[in-house]
1. Any idea which of Ile78, Pro119, Gly246 is furthest toward the positive side of the dipole for the chain, if Lys and Arg beta-carbons carry +1 and Asp and Glu beta-carbons -1?
2. Over the chain, what is the relative contact order in percent, taking alpha-carbon pairs closer than 8 angstrom and at least six residues apart?
3. Can you give the three extents of the C-alpha atoms in region 93-152 along their principal axes, from longest to shortest, in whole Å?
4. Hey, if you put +1 on the Cβ of every Lys and Arg and -1 on every Asp and Glu Cβ in the chain, which of Gly233, Met1, Ala193 ends up farthest toward the positive end of that dipole?
5. Find how many whole Å separate the alpha carbon centroid of region 162-176 from the alpha carbon centroid of region 1-37.
6. At 7 Å along the Cα-to-beta-carbon direction for both His168 and Ala101, put a label point, then send me their distance in nm to one decimal.
7. Compute the convex hull volume of the Cα atoms of region 155-252, divide it by the residue count, and report the result per residue in Å³ as a whole number.
8. For the chain, what is the charge dipole size about the Cα centre, in debye to the nearest 20, if Lys and Arg each add +1 at the Cβ and Asp and Glu each add -1 at the Cβ?
Amino acid sequence: MDLAIAGKRALVLGASRGLGGASARLLHAEGVDVIAAARSAGEMTAAERFTPHVVDLSDRGSVEALIAHLGKIGGVDILVNNTGGPKAGPAMGQTRETWLAAFETMATSIFSITEAVLPGMIERKWGRIITIGSSGIEQPIGNLALSNGVRAAIAGWSKTLASEVARHGITVNMVLPGRIDTDRLRSIDKANAENSGKDLARVQEASIAEIPAGRYGDADEFGAVVAFLAGAGASYVTGSMIRVDGGLTRSV
Ligand code: NAD
């Protein structure tokens, strides 16, 4: 499908693999000039057709350097906000430091990067801010307190921003993965198997049994929705949260 965004410039965070990697690939397939950001040059080997940029979102200095670079190149038309997920764990017993670290890595980093690209988007009267969230925003996931808590804040930020910039031709949306087959999901399944003393295959079977589609999603199925939201045809979709979860979330 031609999404009419060939020649636009995108920045995809956490682009070395998984959902960010698929988003970068699918945007690139539409002729978008993709800047793929990841923590180290080594991580970028799988993404040679993109322009690499090294950033560690948990390091404020590194985020500031990315912002300075964006200023030099004149910003981007499409921003895909994606970060690594936080450690699993319950709400009880988390320290102030763990909350602050999760908030800094997953929330304030992307708030600042978004802030840096908005002036250029306003000037060009066109922009797409797409933030990768989680089904946990709508239906909090057990033992993922940091993720549930910080992402709820991100959802409030995204929705507020959407109404502030809509009149400038900028859309602001979130895409919520359910269970997409990536390294992160595989490591969560492995941890659940270890914690419960069950066989990994059993844990995966039980996890898949909760999904009406009867399978985990493929990263490209997720990236296709990100690309759609970046496309010209999605110009009237803003302030939305789009689920890519095979029906996992039970609420309407
Ligand atoms: P992943 O672990 O496979 O990939 C994460 C990406 O983020 C990688 O490119 C990694 O290098 C990068 N990254 C990690 N920490 C970083 C840092 N400090 N600075 C810069 N980049 C960093 O994860 P994924 O499955 O692709 O998930 C992407 C996001 O979506 C995560 O926040 C995850 O928690 C969330 N999510 C994923 C699923 C799923 O089913 N895969 C479900 C719900 C939420």
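1. The residue sitting most towards the positive pole is Pro119.
2. On the way: 456 pairs, mean separation 54.6, N = 252.
Across the chain, relative contact order equals 22 percent.
3. Sorted from largest, the Cα extents of region 93-152 read 46, 25, 10 Å.
4. Gly233
5. Using only Cα atoms, the two centres lie 19 Å from each other.
6. So the label points at His168 and Ala101 sit 3.4 nm apart.
7. On the way: hull volume 11.7 nm³, N = 98.
Expressed per residue, the convex hull around the Cα atoms of region 155-252 is 120 Å³.
8. Working: 25 positive and 26 negative charges, 60 e Å.
So the magnitude is around 280 debye.
No value in this document is a laboratory result; all are computed from the given coordinates. As the structure is a computational prediction, the values presented were derived from the model and not from experiment. Because the Cβ atoms are built from the backbone with ideal geometry, glycine has one as well, and the counts that use them run over all protein chains shown.
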